[in-house]
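Q: So that we are looking at the same thing, I have put the structure below in structure tokens.
The values are calculated or read from the model by the stated rules, or taken from the named source; none is laboratory data. Fair warning: this is a prediction, and the values are worked out from it, not measured in the lab. Methodologically, a virtual Cβ is constructed for each residue, glycine included, from the backbone with ideal geometry; neighbour enumeration extends over all protein chains shown.
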Amino acid sequence: MIYLVFCILSSTGIFVFFKLFKKYDVNTLQAIVVNYITAFICGITLYDGLINLGEIINSSWFYGAVGLGFLFILIFNVMALTAQTNGLSVASVASKMSVIIPIVFGIIVFKESAGFIKLTGIFMALVAVYLTSVRDKDNVILTQSIYLPILLFFGSGTIDTLVNYFAPDDKIPLFSATIFAMAFFIGMGVLIFNSIKQKSKPKFKSIPFGMALGILNYASIYYLLKALRVDGYETSTVFTIINVGIVAFSTLVGLFLFKEKISKKNWAGIFIAMISIIIVTLA
């Protein structure tokens with residue numbers, strides 16, 4: 001359970017930092033690149049085994065990690081743009097409604113249980129995600145940039161599914177570090193290209209923000225994988241609890257930190273979220 005709590009806290013922190021990027025005029029791409037090299041260092045530091053480059057390249061999970069690195073840099077930018085353009089709540093609901101993708105994958109591919117009580121809890125979780133995140137003022141903004149939440153939905157769901165599928169049980173820090181290294185190299189290439197094309201200069205304030213984001217980013221992946229490897233916890237259960245928890249908690253953070261208004265629907269969503277977590281856990 002402690003892994004689930006830490007994953008929810010660190011993942012919510014990512015959304016908060018994306019919101020702060022706009023407030024403090026932080027260059028999003030620069031901060032994201034710094035974030036990935038920081039996350040890579042975290043993974044290498046926490047791995048207590050010998051690092052053999054040849055062994056990594058020949059491992060069964062290497063090419064999956066390379067593909068995930070590309071998706072990470074792409075979807076992280078989409079997540080940041082969604083939070084800044086459509087709002088924290090829309091970014092949260094778009095990425096967390098994507099929980100249905102790894103849940104379905106787990107039930108079909110891993111042959112996980114799909115009893116009536118569990119499916120009821122999952123359905124309630126999806127309802128809770130919507131009710132918790134819906135905002136009257138977001139509706140107009142959402143229709144203007146509808147492609148961003150859609151991309152975030154499918155991208156986040158694909159990442160969650162592939163991370164769980166490829167991650168080796170005994171080399172989680174090394175696997176995570178490889179993903180972040182790939183994302184860093186790709187992001188660095190894009191950053192250099194944009195700097196030459198747009199003649200933009202680096203913003204040094206992006207460094208501390210990126211480093212803090214990198215620590216949270218690594219923690220979110222690490223604790224997610226640790227939770228998925230706990231005996232007795234199925235993929236559908238873990239993803240449901242974590243995603244609903246993030247949406248509910250990020251909504252409360254938006255209320256107290258960013259003074260976002262919470263309607264009766266939002267409070268109802270938070271209440272249903274708690275009930276759904278209990279049902280899915282007991283199921």
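Q: I'm checking my understanding of the structure. Among residues of segment 25-35 that are over 11 Å from Lys203 (Cα atoms) and not polar (S, T, N, Q), which one is surrounded by the fewest Cβ atoms within 10 Å (Cβ to Cβ)? It would help to see each step written out before you state the result.
A: Kept after step one, since they are over 11 Å from Lys203 (Cα atoms), are these residues of segment 25-35: 32-35.
Still in the list and also not polar (S, T, N, Q): 32-34.
Details: Ile32: 28, Val33: 26, Val34: 24.
Going through the qualifying residues, I end up with Val34.
Q: Further, regarding this structure: Provide a single number: the residues in segment 224-270 that are part of a helix (DSSP H, G or I) and either aliphatic (A, V, I, L, M) or without any contact (Cβ under 8 Å) to a residue 40 or more places away in the chain (or both).
A: Of the residues in segment 224-270, the ones part of a helix (DSSP H, G or I) are 224-228, 235-257, 264-270.
Then drop every residue that is not either aliphatic (A, V, I, L, M) or without any contact (Cβ under 8 Å) to a residue 40 or more places away in the chain (or both), which leaves 224-225, 227-228, 238, 241-242, 244, 246-248, 252-253, 255-257, 264, 267-268, 270.
Counting residues in segment 224-270 that are part of a helix (DSSP H, G or I) and either aliphatic (A, V, I, L, M) or without any contact (Cβ under 8 Å) to a residue 40 or more places away in the chain (or both) gives 20.
Q: Does Ser10 fit the bill of being at pLDDT 85 or above and not in a helix (DSSP H, G or I)? Even if it seems obvious, please write down each step before you answer.
A: Numbers: at pLDDT 85 or above: yes; not in a helix (DSSP H, G or I): no.
Considered against the rule, which asks whether it is at pLDDT 85 or above and not in a helix (DSSP H, G or I), Ser10 comes out as no.
Q: Next question. Using the structure shown, decide if Val78 is in contact with an Asp or Glu (Cβ under 9 Å, 6 or more places away or on another chain) and part of a helix (DSSP H, G or I). Full working, then the answer.
A: Values: in contact with an Asp or Glu (Cβ under 9 Å, 6 or more places away or on another chain): no; part of a helix (DSSP H, G or I): yes.
In short, no.
Q: For segment 177-212, what are the residues that are under 13 Å from Gln30 (Cα atoms) and aromatic (Phe, Trp, Tyr)?
A: Phe184, Phe185, Phe193, Phe204, Phe209
Q: Right, something else. Can you tell me which residue is surrounded by the fewest Cβ atoms within 10 Å (Cβ to Cβ) among those in segment 110-130 that are of a type in the set (D, E, K, R) and in contact (Cβ under 8 Å) with a residue 12 or more places away in the chain? Can you show your working first?
A: Taking segment 110-130 and keeping what is of a type in the set (D, E, K, R), we get 111-112, 118.
Remaining after also requiring in contact (Cβ under 8 Å) with a residue 12 or more places away in the chain: 112, 118.
Details: Glu112: 15, Lys118: 22.
The extreme case among them is Glu112.
Q: I'd like to check something: does segment 66-88 contain any residue that is under 30 Å from Glu234 (Cβ atoms), crowded, with 23+ Cβ neighbours inside 10 Å and modelled with pLDDT of 90 or more?
A: yes
Q: Still on this structure, I have one more. Here's a check for you: in segment 175-208, which residue that is buried (at least 23 other Cβ atoms within 10 Å of the Cβ) and hydrophobic (A, V, I, L, M, F, W, C) is nearest to Ile56 (Cα to Cα)?
A: Here the answer is Phe175.
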